[in-house]
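A short write-up of the structure that comes next.
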Amino acid sequence: MSSHWIVMLALFGLGFSSQGFLLAQRSQSRSFRSMETHLALLCLEKGDLNQDRQLDRKEWFSLMGNWQQALGYDNQPRLSRPEFLRECDRWLVAQQEETPQRSSRMLPSRYLGLFEALDSNHDQQLSKEEFRETMMSWLEVWSENTGRIDQDTLVKGWQRVLPRNNMSGVDQPDRRLGAGSLPSAGPSPVRTPQASMESMVLEEGFTLTLAASEPMIQDPVAMSFDPDGRLYVVEMRSFMMDIDGREEGAPISRISRLEDRDGDGIMDSSTIFLDHLIVPRAVLALKEGVLFVDQYILKHATDTNGDGTADWVQIIDRDYGRSNIEHAPNGLMPGMDNWIYNGRSPWRYRCIDGLWIKERTEIRGQWGMTQDAHGRLFYNVNNSQLLGDLTPPNYMSRHRTYPSTAGLNLFVAADQSVHTLRMNTAVNRGYLPEVLDDRGRLHVFASSCSPLIYRGDHFPPGLSGNAFVCDPAANLVKRNILHTGPLHLSAEPAHPDREFLASTDERFRPVALTHGPDGALWLLDMYRGIAQYGMFMTDYLRKETLRRGLDQGIHQGRLYRIGHESGGRRTPAQLSRRPPTEWIQLLDHDDGWLRQTAQRLLIQQGDQKMLDALLRFMERATTSVGLEHALWTIEGLLMSVEPASLEASPSGPIPIVSSVHALGSRPFSQRVWKACLGAMEHPDPMVQTAAIRVCESLARSSQSRAEDMMKQFREIAWRASEDVLFQIILTLGNLPAPDNRALMAELALEASKHWLLREALISGLEGFEWDFITQLNESKDLPSSSKGLQRLLRSLAEATASQSDGVDLGHLIKYLVDRSTSWNDADAALLDGLDRYFRAHSRGPRLLTQSPFPTKKDDLPWNPALQSIHHRLSPWISWPGHPHYATALEKAAKTRNERMEDASMASHAEAYQMVCAGCHGSRGEGLKNQAPPLHQADWVLGSKDRLIRIALHGAQGPIHVGGQLYQSPDILSEMPPLSVLENEVLASILTYIRQAWGHASDPIDSNEVSRVRAATAGRQTPWTEKELLSIP
């Protein structure tokens, strides 16, 4: 079954058998509570000592004290946001002992709004005093100084202080609409570009210029400026040409090249650079052409004869990424670190000496990708406007059996509110009472996309670093103020009650933002009525679209230049024709687009003679970001690929690499090395971290350079900022062992004080966790009473248990048994870590070579500590002579030998990747902010009827998977229905997830899907967990 056929099948099957949603359902009771009600009930549950359903002042004080103790304030003066979220979640939703526990690697986000409300000074740290004072002020205000509050008062109080930060678009349901339906939205006719501009409200001081419109561009979705100021625009002309999405796979899309010849900000000409494309979705202009995506294949095109049309196309990667239109990879954003990153993709790309390579990386975002001036990555998903990474790529995921997401996918913007200028009833879940307000307007993001951290020089200086975010469903662009600090990223709206740009024209669909060579902001408007991809269109939206004629008026599109009254006009320079010495000077320019483009040009040219000029530039650079770009330019010029380490890709000519093993450096002078090493002493922490990462790349093929780095680390670590110490620990994990572990042990106590530093430490210890525990235990300087150290040991024990061979696990359990006569807090933390890991992950007994427990011949007494070890661990382990050893051995052998033998599994897998992997992950692992895991999930492996119902009608959270509660904002609040798919396709997908990844459940055939479809034909809403559990 081809992926193209699957898409066509989905699109042609868009006729719904259901009778539609009624607006009266807006008042239907929900199976979940709002966060305000949830918190109110928790406060009463934990604080109402006399059971009178209200809290007096004494009970409020008691609640505060217990809460502070549970958060760990007895051992540390302040908590970071991640630490608060984790500890708060553990206390407020404490589970029974027999319930599988949440892995300590999962950072819950449900109490994000609570943290934001408590953090009164917005420094992303919550001190004990700040917690107490804020809570006390709430008591006085909410109780109107009576010192007594009941449930209703608590709910109203939480409504006052909690920001709109629900990542599902479902926010405070009990204070939204009451019964009744919305007013009817009127027609939205196609407007001329000038009329549409008149409908827009732009922030004061800014200017909006129409740079291009139809027919020059049609259905634009992505764009990229080349070094000479020409703009390449992706036109997805086949997207949703009618309500059924017919002919979406037609080869009628294209990439056009637009030119502004006189520098007035208006495009003077358009040339079709590439034509007859199928669902193109990304483009990156290079010095010699463009990278682009056509039919989910990454290609490189060039114009060899200079006529403005590509005449040579090379396939780079046949497996750029397959999914449905809404969830397929995109972006092609060149990072400061010389890799090209993509949204919704597990791959990053790089070209070295003409050889394209790709490497696995963490999956990020949904549509669009951006970076700040220091190369930190930012992205979003449709209901969370700004996510970002504090951790640089490919560090936290390097531990293969115990990967972490620490510092990744952070909720940078907690406030998800939007302020639209019109009714937004034509959104996918407009029938729900939580999506629209009583005026029919969106109040939270529904389709955030294409974030951009402004790095230009045209806007006033105070706007540099601001985050701009599009929402085509809300017809607006939001501006956020980005706050950064040591191991901290956050953002807040620039305006509490209005947007940077908003329109009353419903067809205004901002879908892409980019920097221009002139320092301004450039915006693509897809301008259309239908913005929702057909596979996920609800019956409600389908009817609303047809009723209001939003399916009419296609092949429109506008390009806008957003400037500022105070900014001058800079004519785009022909950078590709400038000498390299001028490129070097541009590395220090105020404009980020010029800096980044100059870096790329220098690396693409590959002239090693520029190294001396770069060193001279570093000596007199006037800005820190200029030094960072110079360092990464040096790295790009010196990188080489080790041919013996390349792994052939099954999908095409591009090799798959591990940069730690496959990339080395060309010969270079000691002067270059000393300059890069010396940059670690720079006063700016961002320059220091860049220098550490660059030196790490240059030291891969040299033991002596690695030793130089560790010597330098010993010099600077003790006075380094948290950002620099974080990078030191991350880099140490990639330096040669065992010397690196000695320094890591020296830094362990300092690292244990911050959760990110702890996670960084463990990420670089794969296979050596037990050795490291031994090193720590031999140290006399580590206090076992330190809460941070206990958390570190707990995670080290989890990581030890994650190793498959069980040898080190046996050593650790035996160590705990031997320690049982002199038990301390550190030992208890190790036992907690093993217990937590087994409860969260174990699917059967782990095999040890011998019993770790004393026999009758041993003198070791069965004291309380030893009894606890035996009670908590014995259900999860087995050894020769154990009563269940033979069964455990058989199960382990079966697990090792399980293979998917069904020849049809390849087509099943292809269907899954197209439809489901975008949210649930390519291996069913689940994706943060999207969907829970399918791997080993009872919903997948158990009742067929339940699983088919979920696929047909969707499901809504909260929901338990593997004993863990999943709900917004950790996941989307609803899985959309897939009833548009034919019975055969649904059966194929469901069979795949029941038999892939080591699963062995019975297949599902199309007749079973047909039976359930007929039995549930009147179903209108997604299934709740309670409803599903009632189905056998």
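Structure summary
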quantity: Hits in the range 233-247 - residues which are surrounded by 24 or more Cβ atoms within 10 Å (Cβ to Cβ) and either more than 28 Å from the chain's Cα centre (by Cα) or within 19 Å of residue 450 (Cα to Cα) (or both); calculated: 233, 234, 235, 236, 245
quantity: Listing of strands (runs of 3 or more DSSP E) fully contained in the range 302-348 that carry 1 or more residues being of a type in the set (Asp, Glu); calculated: 312-317
quantity: Condition broken by residue 417, with the remaining ones in (1) within 30 Å of residue 803 (Cα to Cα); (2) surrounded by fewer than 21 Cβ atoms within 10 Å (Cβ to Cβ) satisfied; calculated: (1)
quantity: Members of the range 287-301 that are part of a strand (DSSP E or B) and within 27 Å of the chain's Cα centre (by Cα); calculated: 290, 291, 292, 293, 294, 297, 298, 299
quantity: The range 669-680 residues that are of a type in the set (Phe, Trp, Tyr), paired with ones that are in a helix (DSSP H, G or I) (beta carbon under 9 Å, 6 or more apart); calculated: 673/695; 673/698; 673/705; 673/708
quantity: Those residues of the range 811-836 which are in contact (Cβ under 8 Å) with a residue 60 or more places away in the chain and of a type in the set (Lys, Arg), in sequence order; calculated: 836
quantity: Residue 184 among the polar types (S, T, N, Q), surrounded by fewer than 13 Cβ atoms within 10 Å (Cβ to Cβ) and either at pLDDT below 65 or not assigned by TED's automatic domain parsing to the domain that holds residue 476 (or both); calculated: yes
quantity: Given (1) in contact (Cβ under 8 Å) with a residue 60 or more places away in the chain; (2) under 15 Å from residue 372 (Cβ atoms); (3) not β-branched (Val, Ile, Thr), number of the condition residue 468 does not satisfy; calculated: (1)
quantity: Close pairs from the range 325-344: first closer than 14 Å to residue 392 by Cα and not assigned by TED's automatic domain parsing to the domain that holds residue 921, partner in a loop (DSSP other than H, G, I, E, B) and of a type outside the set (S, T, N, Q), Cβ under 6 Å, at least 6 apart; calculated: 335/375; 336/375; 337/375; 341/335; 341/369
quantity: Out of 51, 69, sole residue that is free of Cβ contacts under 8 Å to residues at least 12 places away in the same chain and either among the hydroxyl-bearing types (Ser, Thr, Tyr) or closer than 29 Å to residue 412 by Cα (or both); calculated: 69
quantity: So residue 279, is it touching a residue at least 40 places away in the same chain (Cβ under 8 Å) and surrounded by fewer than 15 Cβ atoms within 10 Å (Cβ to Cβ); calculated: no
quantity: Where a residue in the range 1009-1032 is within 13 Å of residue 958 (Cβ to Cβ) and its partner, wherever it lies, is charged (D, E, K, R) and at pLDDT below 80, with Cβ under 8 Å and at least six apart; calculated: 1022/974
quantity: The range 759-790, subset touching a residue at least 40 places away in the same chain (Cβ under 8 Å) and within 26 Å of the chain's Cα centre (by Cα), residue surrounded by the fewest Cβ atoms within 10 Å (Cβ to Cβ); calculated: 766
quantity: Within the range 697-795, helices (runs of 4 or more DSSP H) holding 1 or more residues that are within 23 Å of residue 815 (Cβ to Cβ); calculated: 739-746, 748-751, 755-763, 769-778
quantity: When residues of the range 42-73 are limited to those that are of a type in the set (Lys, Arg) and loosely packed, with under 15 Cβ neighbours inside 10 Å, the one nearest to the chain's Cα centre (by Cα); calculated: 53
quantity: Qualifying residue in the range 554-562 (condition: among the β-branched types (Val, Ile, Thr) and touching a strand residue (DSSP E or B) at 6+ places or on another chain (Cβ under 8 Å)); calculated: yes
quantity: Failed criterion for residue 452 (all others in (1) under 25 Å from residue 191 (Cα atoms); (2) surrounded by 24 or more Cβ atoms within 10 Å (Cβ to Cβ); (3) within 24 Å of the chain's Cα centre (by Cα) hold); calculated: (1)
quantity: Hey, residue 942 modelled with pLDDT of 85 or more and more than 20 Å from the chain's Cα centre (by Cα) or not; calculated: yes
quantity: Flag for residue 404 being buried (at least 23 other Cβ atoms within 10 Å of the Cβ) and more than 20 Å from residue 454 (Cα to Cα); calculated: yes
quantity: Qualifying positions in the range 803-816 - surrounded by 18 or more Cβ atoms within 10 Å (Cβ to Cβ) and in a helix (DSSP H, G or I); calculated: 808, 809, 810, 812, 813, 816
quantity: Residue tally, condition modelled with pLDDT of 80 or more and assigned to a loop (DSSP other than H, G, I, E, B), over the range 23-69; calculated: 6
quantity: Identity of the residue in the range 485-515, modelled with pLDDT under 95 and outside any strand (DSSP E or B), that ends up surrounded by the fewest Cβ atoms within 10 Å (Cβ to Cβ); calculated: 497
quantity: Matching residues in the range 575-619 - criterion: being part of a loop (DSSP other than H, G, I, E, B), under 22 Å from residue 456 (Cα atoms) and more than 36 Å from the chain's Cα centre (by Cα); calculated: 578
quantity: Single residue of the range 882-932 satisfying the filter (aliphatic (A, V, I, L, M) and modelled with pLDDT under 70) that is surrounded by the fewest Cβ atoms within 10 Å (Cβ to Cβ); calculated: 903
quantity: Enumeration of residues in the range 516-553 that are closer than 24 Å to residue 232 by Cβ and either in the same structural domain as residue 979 (by TED's automatic domain parsing) or surrounded by fewer than 20 Cβ atoms within 10 Å (Cβ to Cβ) (or both); calculated: 533
quantity: Subset of the range 374-401 (residues that are over 27 Å from residue 593 (Cα atoms) and modelled with pLDDT under 90); calculated: 383, 400, 401
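Residues are listed down the side, and each one gets a yes or a no for (1) more than 30 Å from residue 762 (Cα to Cα); (2) at pLDDT 80 or above; (3) in the same structural domain as residue 40 (by TED's automatic domain parsing):
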residue	(1), (2), (3)
92	no, no, yes
101	no, no, yes
109	no, no, yes
137	yes, yes, yes
144	yes, yes, yes
153	yes, yes, yes
157	yes, yes, yes
165	yes, no, yes
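The values are calculated or read from the model by the stated rules, or taken from the named source; none is laboratory data. Because the structure is predicted, anything quoted here is derived from the model rather than measured. Here Cβ is always computed from backbone atoms with ideal geometry, including for glycine, and neighbour counts include all displayed protein chains.
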